[in-house]
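Q: Dumping the structure here so I can ask a few things about it.
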Amino acid sequence: MPHIHKAADPDHIIQCVVERFPCRVLWSEGRPCLEYQRKEDVAVITEYVRTAYGVELLDVFFTAVESLPEEM
């Protein structure tokens, strides 16, 4: 018999991601968008969401965008 698990609430996944990784959530028309620092970070975040919750990153976030460099 296959292992059946309860799907995690997207808000819970978002909160866990923001607490564990150097990123933040931007909201566009009520939809969460992941803003990450480096391309390597988004790869690690993607794997974490897939492994820990069994869903794809873009099933939780509308999109993922790299942060713009800070102006000096």
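The values are calculated or read from the model by the stated rules, or taken from the named source; none is laboratory data. Fair warning: this is a prediction, and the values are worked out from it, not measured in the lab. Every residue, glycine as well, gets a Cβ built from its backbone with ideal geometry; the counts of neighbours run over all protein chains shown.
Q: Kindly evaluate GLU29 against the criterion of being at pLDDT below 95 and over 10 Å from the mean Cα position of the chain (by Cα).
A: Taking the combined requirement at face value, the residue satisfies it.
Q: Of everything in the stretch 17-71, what is surrounded by 14 or more Cβ atoms within 10 Å (Cβ to Cβ), in a helix (DSSP H, G or I) and not β-branched (Val, Ile, Thr)? Give them in sequence order.
A: Residues satisfying the conditions are ASP41, TYR48, TYR53, LEU57.
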